[in-house]
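Everything on this sheet refers to the single structure shown next.
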Amino acid sequence: MSGRVLVGVKRVIDYAVKIRVKPDHSGVVTEGVKHSMNPFCEIAVEEAVKMKEKKLIKEVVAVSCGPQQVQETIRTALAMGADRGIHVEVSAKEYESLGPLQVSKILAALAKKEEAQLIILGKQAIDGDCNQTGQMTAALLDWPQGTFASEVTLEAGHVKVVREIDGGLETIKINTPAVLTADLRLNTPRYATLPNIMKAKKKKIANVKPADLGVELASKLQVLRVDEPPQREAGVKVESVDDLVGKLKEAGRI
Amino acid sequence: MNSSKYIVFSLTVHECLFRGFRTLSQNVSSSKHTPSNAPETTVDHLIYTPEHFALKESIKKIIDQEINPHVDQWEAEGKFPAHRIFKILGNAGILGVNKPVEYGGLGLDFSYSVAVSEELGNIRCGGIPMAIGVQTDMATPALARFGSHELKTEFLLPSILGDKVACLGVSEVGAGSDVSSIMTKAVRQGDEYVINGGKMWTTNGTQADWMCLLANTSDGPPHRNKSLICLPMDLPGVHIARQIDKMGMRSSDTAEVFFDDVRVPSKNVIGKEGMGFTYQMLQFQEERLWAVANTLTTMDIVIQETIDYTRQRKIFKMPVLHHQTVHFRLAELQTEVELLRSLLHRATALFIKGNDVTKLASMAKLKAGRLARELGDSCLQYWGGMGFTNDVLVSRFYRDSRLISIGGGADEVMLGIICKYMDTLPK
């Protein structure tokens, strides 16, 4: 096995920022707004770096798709311990319609090219909340998938994944190469120390175009409109369970 | 008929985790809200590179995870655990950004120190950034520049790693702004100095492992008879007389210290005997710009929290924020904050190129102290009764920031320096 792990990292609006919808309802305001690495991607990077520190794998490659600014996100991954980066260049205009299917095609192509043993992604991005890229990538590659991972154990030729599912925890054993997606409790990502931030400057980021990977970026989806969620309204206090049931019936909820 | 049995929740689990329910009755120190009026852009910044921003992100994470959750408790207790926090910061490489690489530092320029200071302004009190500033930019610069290899190995290296807590012993009960009139004496006796006297306003004083002490080592002219000495705080004769009960900066322990025939090896003098006053003065520009940097960030946060509060607080049937006097006043204050930020960045840019920025640094320090007081006062007024409670950041800022005009060079000292440069002082 190559001992190489591909980690996808996405640049998203920082989780602490108050999101505002654009006046024309075509999307959210991103100009001048603080961005950072998707929190689930941080967890993915951390897991890969830990594997390397335990000498279970040899190289961690951080990948991001998007315009120039995503290089910052790749640098963050390098500062956390990734060895090198790949920036898949997508123009700002194309980025607006870039979705899980196209990203999955890109990751699948890169995984083949890099002979990756594992792909680790965050389970979803906090902007799109799609929770699709990992699954689609595995399907395109015809690789097994371990999604919503809260514990990962890499062994020779396979990986044991404890998954967080609705009913509790499920442990599966899948062969490598495989796709894993990281859930919240998988680990606590380290913060990049200043010495590592400075060392990351010397690590390489390669530039690649989707066309070079044979991927078409055209999307079959179109965003019609983006609106803010309805304002949270005041609650109503009830005196008894019967009252509660009555009120829920009135509101057409049961 | 709608036979759906399940009540639809309008928020995903993750929104709960990451977006949070931002109510204003929450704990003072638990808020993670980023001011949206101060967007971080990495493009076209005057002095910061992507590395500066990466450094700031790491510091923010440390603050959010290790510091802010405990600030309310440490403020109530009157002390924060300096050894624990400094070790975390030391591990991240934050305590020695502009210190020599040979002693655990990163050898970067002062713009990185300013970036660190700015980011520390996200701590929800003034005491802890102040304590960190003493460690990084008040007690150690002279040692880093002029100390012997042996001295740097014993005191500088562990301070940068976060293993030893430092404090600065300059001010005395009888001498604050007038440093030249300090009375602490270090009398040479063979291979030792015998120290008698005392120091006041010693930040980190009750927890420090060593003190960078300024003492009279001879009977010469007052600007040439003082030396800086690295003083271990566990030596016999060093007494922590009391921890001072202060109006603000309450999570920072401030001590009054006495020296009773304390014996220290003569090799503990930093650089040349008699040069202590000069050495200490050389770092004033950095000290003052550092103080300005974290005040700016906190002022941004106070303005933003005031906006958030007054937007939801209703008075006479409309949000307090909708009254023109309120949003106009906040705009005035934000304008002044940006002006001061520009001065800070301009002075920093000139300084890292090797220029003397004493005049600009003094102006920035003067303005920081005065603007913080004005801003704290105006914003607190808009919080009404809530502003007068100890449950909100604005009242803590009001108390903490009052010190800026006094410590690290009082306003009057700053004005004297500026007048000297303007050549308006009576001859």
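In table form, for the structure just shown:
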item: Under-5 Å amide H pairs with A:ARG84, H placed in peptide plane, nonlocal only; result: A:VAL60, A:ALA62
item: Coarse-grained scattering of the range B:190-230 at q = 0.25, 0.33 Å⁻¹, given as base-10 log I(q)/I(0) from a Debye sum over alpha-carbon atoms; result: -1.01, -1.25
item: Spatial extent of the range B:142-298: Rg and Dmax, with the Cα atoms as the point set, Å; result: 15.1, 50
item: Farthest positive-ward along chain B dipole, Cα basis, beta-carbon charges - from B:ALA293, B:PHE258, B:CYS230; result: B:ALA293
item: ³J(HN,Hα) computed for each position of the range A:237-254 - Karplus, 6.51 cos²θ - 1.76 cosθ + 1.60, integer Hz, glycine/proline x; result: 8, 10, 8, 8, 4, 4, 4, 4, 4, x, 5, 5, 5, 4, 7, x, 8, 9
item: Cα-derived Rg to Rh of the range B:163-220, Kirkwood definition; result: 1.00
item: Relative contact order [Cα under 8 Å, 6+ residues apart], the range A:1-105, whole percent; result: 29
item: Longest segment of chain A lacking trypsin sites (Lys or Arg not before Pro) that sit in a DSSP loop with at most 15 other Cβ atoms within 10 Å; result: A:59-200
item: For the range B:96-150 versus the range B:186-265, the gap between their alpha-carbon centres in whole angstrom; result: 21
item: Cubic angstrom per residue, convex hull over Cα atoms of the range A:192-254; result: 308
item: Against the rule of thumb 2.2 N^0.38 Å, how large the Cα Rg of the range A:103-169 comes out; result: 1.15
item: Value in Å of the Kirkwood radius, where the protein assembly as shown supplies the Cα pairs that are averaged; result: 27.9
item: Extension gain (nm, one decimal) between B:GLU102 and B:HIS45, 0.36 nm per residue minus Cα-Cα; result: 17.5 nm
item: Length-normalised contact order for the range B:64-172 - Cα pairs under 8 Å, 6+ apart - percent; result: 32
item: Residues with amide H under 5 Å from that of A:VAL28, placed H, sequence gap 5 or more; result: A:LYS22
item: Taking all pairs of distinct alpha-carbon atoms in the range A:130-170, Kirkwood radius in angstrom; result: 11.2
item: For chain A, diffusion coefficient by Stokes-Einstein and Kirkwood Rh (Cα), 10 °C, 1.306 mPa s, µm²/s; result: 81
item: Expected-Rg normalisation [2.2 N^0.38 Å, Cα atoms] applied to the range B:98-151; result: 1.23
item: Gained length - B:ARG224 relative to B:MET281, 0.36 nm times residue gap less alpha-carbon distance; result: 19.3 nm
item: Extended-chain gain in nm, criterion 0.36 nm per residue less alpha-carbon gap, B:HIS323 and B:CYS419; result: 30.5 nm
item: Spread of Cα-to-Cα distances over 10 Å intervals beginning at zero, given as percent, for the range B:66-125; result: 21, 46, 26, 7
item: From phi via Karplus (6.51, -1.76, 1.60), per-residue ³J(HN,Hα) for the range B:54-70 in Hz, x at Gly/Pro; result: 5, 4, 4, 4, 5, 4, 4, 5, 4, 4, 5, 8, 10, 10, 4, x, 10
item: Charge sum, other residues only, whose C-beta stays under 13 Å from B:ALA142's C-beta, Lys/Arg counted +1 and Asp/Glu -1; result: +2
item: Residue-by-residue Karplus 3J(HN,Hα) for the range B:413-427, coefficients 6.51, -1.76, 1.60, Hz, glycine and proline x; result: 5, 4, 4, x, 5, 4, 5, 4, 5, 8, 6, 10, 6, x, 8
item: Using alpha carbons only: equivalent-ellipsoid semi-axes of the range A:1-116, gyration tensor based, whole Å; result: 28, 16, 10
item: Size of the range A:103-254 as Cα extents on the principal axes (Å, biggest first); result: 64, 40, 39
item: Translational diffusion coefficient (Stokes-Einstein; Kirkwood radius from C-alpha pairs) of the range B:368-427 at 20 °C, 1.002 mPa s, in µm²/s; result: 165
item: Inter-centroid distance (Cα atoms) of the range B:352-392 relative to the range B:296-328, Å; result: 18
item: Proportion of all alpha-carbon pairs of the range B:297-427 beyond 27 Å (%); result: 31
item: 25 °C / 0.890 mPa s Stokes-Einstein diffusion coefficient of chain B, Kirkwood radius on C-alpha pairs, µm²/s; result: 108
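Laboratory data are not the source of any read-out in this text; all were calculated from the coordinates shown. Given the structure is predicted, the values throughout are model-derived calculations rather than measurements. We place every Cβ from the backbone using ideal geometry, glycine too, and count neighbours over all the protein chains shown.
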